Amino acid sequence: KPQFKDAIRQFGKELKQTHHLVVEHGKRLTHTQDYIFLFGFIHRFFRDHIYNTLSEPVRYSLHLHVGEVLEGLYAGQPELIANQLSYHYLKGGKLDKALEYSLIAAEAEQEKFGWAEASILAKRACTLARQLKDVERLSKALVIWESNAIRIERIDEVMAQLEECEKLLAEWGQQDSE
C-alpha cells in the first residue's frame, strides 16, 4: 500500500504542477480535528478522461482505498459521508460495505426530509441486499424505500419491487429448507 500511495501522490503532483489540471479547493476539518485537503480537476472532462483511461483493477483499488481512508477519517460519524462511502465501496467491489453505508445514508437523508435521495439510496440497498441474499437488510431497505417513495409519489416502483422480493424470499426460503 505505501507504493500505491506514493504513486497516487506523484500522479497528483504531476497533474497539478506540470499539467495544471488539478486545483486546490481548500480544506475541511473532520470530526477528529484532522484536516483533509480537497482537490479537483479544472474541468470534469479531464477527470472523466483520466478516470476512463485507468484499468478496471486500478479503478477498483482507487475506490477501495478512498473508501477505507474516508471510513477512517469519519469513523465516529459515518452518516456524514455514508453516501460517498457507499459509492466508493460499491465501485471498489465491497458490496457488503456498500450495502451497510447505503442504509446509513438512506436513513440520514430521510431524517433530513431528503425523501427522493433516501428513496434512491434505499433502492441501491435493495439491489445490493438481493445480490448478497441478505434478508434482514433487504427488509430494512424496503421499509425505508417504501416510506420515502410514498412521500414522493413513486409507490408503483416500490410495489413492483415488493412483489419481486416476495418471490425471492420464498425462493431463498425453499433453498434453505433443502
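The values are calculated or read from the model by the stated rules, or taken from the named source; none is laboratory data. Not measured: the values here are computed from a predicted model. Counting neighbours? That spans all protein chains shown, and the Cβs are built from the backbone with ideal geometry, glycine included. Ligands, DNA and RNA are stripped out before the accessible areas are found, and what is left, the full protein with its side chains, is counted by its heavy atoms. Shrake-Rupley method; radii C 1.70, N 1.55, O 1.52, S 1.80 Å.
Per this entry, LEU142 is counted among residues that are without any contact (Cβ under 8 Å) to a residue 24 or more places away in the chain, buried (at least 18 other Cβ atoms within 10 Å of the Cβ) and farther than 23 Å from LEU80 by Cβ. For the range 116-138, the criterion of being open to solvent by 70 Å² or more (accessible area, probe 1.4 Å) and under 30 Å from ILE36 (Cα atoms) is met by at least one residue. Condition check: under 20 Å from TRP172 (Cβ atoms) and in contact (Cβ under 8 Å) with a residue 40 or more places away in the chain. Does LEU103 satisfy that? So LEU103 passes the test.
For the range 115-172, what are the residues that are of a type in the set (Asp, Glu) and over 21 Å from the mean Cα position of the chain (by Cα)? Selection gives GLU153, ASP156, GLU157, GLU163, GLU164, GLU166, GLU171.
Note on the range 61-92: residues that are under 27 Å from LEU138 (Cβ atoms) and either loosely packed, with under 13 Cβ neighbours inside 10 Å or more than 13 Å from the chain's Cα centre (by Cα) (or both) amount to 3. The condition (being at pLDDT below 80, open to solvent by 100 Å² or more (accessible area, probe 1.4 Å), on the phi < 0 side of the Ramachandran plot and part of a helix (DSSP H, G or I)) is satisfied by just one residue among ARG28, ARG47: ARG47.
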